[in-house]
1. Normalised by the number of residues in the range 184-250, what is the relative contact order in percent for Cα pairs under 8 Å and 6+ residues apart?
2. For the pair PHE222 and ALA46, what calculated FRET efficiency results from E = 1/(1 + (r/R0)^6), where r is the Cβ-Cβ distance and R0 = 22 Å, to the nearest 0.05?
3. What whole-number value in Å² describes the accessible area per residue of the range 1-151 for a 1.4 Å probe?
4. When the helix-only estimate is applied to the chain (DSSP H runs of n ≥ 4, each -39,500 (n - 2.57), divided by the residue count), what is the mean residue ellipticity at 222 nm, nearest 500 deg cm²/dmol?
5. If you rank LYS198, LYS47 by how much accessible surface each has, with a 1.4 Å probe, what is the order from largest down?
6. How would the chain be classified by its alpha-carbon gyration tensor: rounded, prolate or oblate, with rounded meaning a/c under 1.5 and the a/b versus b/c comparison settling the rest?
7. I'd like to verify something in the chain: which complete DSSP H helices, judged by Cα projection on the helix axis, reach 15 Å or more and average at least 1.0 on the Kyte-Doolittle scale?
8. Taking 41 Å as R0, compute the FRET efficiency from the Cβ-Cβ separation of LEU39 and ASP77 and round it to 0.05.
Amino acid sequence: MERSPLGGADAHPELARLRKELAQLDRGLVELIGRRGALAARVAEAKHAAGLPTRDFGQEREVLERARHAAEAAGADADLAEAALLLLIRDSLGVQERARVAAAAGGDGRRALAIGGHGRMGHWFARFLASQGFAVEVADPAAPPAGAGWTHRERWEDGPVDHDVIVVAAPLADAGGILEALATRAPPGLVFDIGSLKGPVREGLRRLRERGGRVASLHPMFGPETRLLSGRHVIFADAGVPEATTEARALFDQTMAIQVEMGLDEHDRLIAYVLGLSHAVNVAFFTALAGSGEDAPRLARLSSTTFDAQLDVAALVARDNPALYFEIQKLNAFGMESLEALTDAVARIRHAVASGDEAAFQRLMEEGRTYLAMRRAR
């Protein structure tokens, strides 16, 4: 056998043997993960039959403590064992949550229409409703993805709107007009939008309400890749029809999502900071880096813990939909408030550094520490 010029594993029999043994262990680990997932599904069934909640924090703590003890006894890294079990617990919770939603079958015998259902969040809601037993129809000019499992029409206007649930998942710039057009047809079922802002859809919500529509307004505070709703928030903005909001909230009753209710005005003012400010900080961060003239790989080699964490978040923002991010900034009546707060904060930092005012800089740090401590105390 010809030897690799770099000295391959075949030139080192002991290395080849060890790698083979590792590969066998890896296969065994994957098989165990599969078996654990199957057991998680059975646990979900047992919990549902007993009327128990999906999440049991006491049991999770016991699992993690067992993992740490077992790791220490085996001479393994306890932190690594805990991190691995946390990943498995989240996967198990996801399996159990989806099984619980399906078992509840809240949509059995009912129909749902997802307008804009081939967008990323529209697709999430179409799958979510289908998992509850709804017969889902998607109205979207884009062709349905392969194996979607639901009916499709290009234009929502070209068919009936007598569904039990209609979710408007179109872009913000279009959602308000769609709601206004729906109001002229007075659909009998629950209608809700999922927009990141409520100002652009306020008029459509009002018209639906005045026509006697069962209208609600949602803002899912998570992305389309989300599989587990534990710890995720769903905002229900008051559209003036309490019974419709209650009906919309019921769609999430079998999940572990955190449900939050607020007014339409309050929603957009808070979102200016929760989304607008956080997006702007990250756009500013990678814009400053891109314009610095510094080589990205070189910066990565010199990175710190803080830089790496910020870079990871900024990379997620950079990969997202720029049109959506611009809409969140531009269409929010409160948007300039958070941008001006960011501009002022940068100016205060710059002034403290440029003038050599260490006390002023320390005050900024102390103000931030105090503010963030309030968040931990809640």
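1. 34 percent
2. 0.20
3. That works out to 62 Å² for each residue.
4. -19000 deg cm²/dmol, from helical runs alone.
5. Largest accessible area first, the list is LYS47, LYS198.
6. Oblate is the answer for the chain, as a/c is 1.5 or above yet b/c matches or exceeds a/b.
7. Correct list, ordered by number: 278-290.
8. 0.95
The values are calculated or read from the model by the stated rules, or taken from the named source; none is laboratory data. All values derive from a computational prediction rather than experimental measurement. Cβ coordinates were reconstructed from backbone atoms using ideal geometry, including for glycine residues, and neighbour counts include every protein chain displayed. Note: areas computed on protein heavy atoms with side chains; ligands, DNA, RNA excluded. Shrake-Rupley method; radii C 1.70, N 1.55, O 1.52, S 1.80 Å.
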